[in-house]
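These notes are about the structure you will find just below.
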Amino acid sequence: MLETWVVAPTCLPVVLRRCHACASERFRANGKFRVNAHHKLIDAWLLVLCTRCGETAKLTVLERTNVRSVRPALLARLHDNDAVLAAELLQDPALRRRNHIALDWTDAWRLDTGGSDHADLDGEVIDVTVRFAARIPVRPVRLIAEGRGLTRAAVERLIEKGNLVSATRLTGRQSDDFTFTLKH
């Protein structure tokens, strides 16, 4: 039996960065941008709000960039406060490094198993492909437990017995597509 599961975001992740006003470390992005032009140069920031005090922080998207070098479609999306663009930019490792931030995906994603039931199929082998709609770091053991209706300890026992195998390491975090085989 073949199944395809999809890990998809449900909202923007929490941005982890220290607030200068209240020392909180959690910010919420709402898809708003600020664009500022200085003659031929342009700056653009993604605005994030502190979850405790509401203070606004700016994440640099463009800094002193020549206006002519910015694609008109990108500029239009910045001016339109495109939430999809905000999600794309938060996924960009260069933007995260430049702004010294990390992302917390807790409660910001869901697992779609395609409606497969959790019935225990004795003697059947199930091949599952897990696809990520965004680069969301999740523990494969947690995904498998949630997708099959098991506890994480039960999934770890299946791995130890050799009834759950994968070419990808199932311990740690994973954000790339992978497959696994479950033998009942």
Item to check | At R0 = 30 Å, FRET efficiency that the Cβ-Cβ distance of Ser69 and Thr4 yields, to 0.05 | outcome: 0.15
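I need to check one value: relative contact order of the stretch 97-184, counting alpha carbon pairs closer than 8 Å and at least 6 residues apart, in percent.
38 percent
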Next on the checklist: Run the paramagnetic zone check for Ala102: 7 angstrom along Cα to Cβ, then residues of the stretch 137-181 with backbone nitrogen under 12 Å.
Outcome noted: none
Next on the checklist: Quick check: from the Cα gyration tensor, does the chain come out rounded (a/c under 1.5), prolate or oblate?
Outcome noted: prolate
Item to check | Whichever lysines have a C-alpha closer than 24 Å to that of Lys183, once near sequence neighbours (fewer than 8 apart) are set aside | outcome: Lys161
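What FRET efficiency comes out for Thr60 versus Asp176 if R0 is 25 angstrom and r is the Cβ-Cβ distance? Round to the nearest 0.05. List each step's numbers first, then the result.
Details: r = 27 Å, r/R0 = 1.09.
So, using R0 = 25 Å, E works out to roughly 0.35.
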Checklist entry - Relative contact order, percent, of the chain when contacts are C-alpha pairs under 8 Å separated by at least 6 residues? => result 26 percent
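Once the piece of chain linking Ala154 and Arg26 is laid out straight, how much longer is it, given 0.36 nm per residue of separation minus the C-alpha distance between them? Let's see the in-between values first.
Details: separation 128, 0.36 × 128 = 46.08 nm, distance 3.33 nm.
That pair, Ala154 and Arg26, stretches by 42.7 nm at full extension.
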Checklist entry - Over the chain, what percent of the accessible surface lies on carbon and sulfur atoms, probe 1.4 Å? => result 48 percent
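Return one whole number: the accessible area per residue of the stretch 61-141 in Å², for a 1.4 Å probe. Display every interim value, and only then the final one.
Working: 4830 Å² over 81 residues.
So the stretch 61-141 comes to 60 Å² accessible per residue, rounded to a whole number.
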Checklist entry - How long is the gain from Asn36 to Val165 if the chain were fully straight, where each residue apart is worth 0.36 nm and the alpha carbon distance is subtracted? => result 41.2 nm
Item to check | Calculated FRET efficiency for the pair Leu16/Ala76, C-beta based, R₀ 25 Å, to 0.05 | outcome: 0.25
Checklist entry - In straight Cα distance, which lysines are under 28 Å from Lys32, not counting same-chain residues fewer than 8 positions off? => result Lys40, Lys58
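Could you tally the net charge around Thr129, taking each other residue with its Cβ under 10 Å from the Cβ of Thr129, Lys/Arg +1 and Asp/Glu -1? Don't skip to the end; give the middle numbers.
Numbers: positive: Arg131; negative: Glu3, Asp127, Asp177.
Cβ neighbours under 10 Å give a net charge of -2.
The values are calculated or read from the model by the stated rules, or taken from the named source; none is laboratory data. Just so we're clear, the structure is a prediction, and the values are computed from it rather than from any experiment. Positions of Cβ are generated from backbone atoms using ideal geometry, with glycine treated the same way; all protein chains shown enter the neighbour counts. Side chains are part of the model used for accessible areas, which takes the heavy atoms of the whole protein and leaves out ligands, DNA and RNA. Shrake-Rupley method; radii C 1.70, N 1.55, O 1.52, S 1.80 Å.
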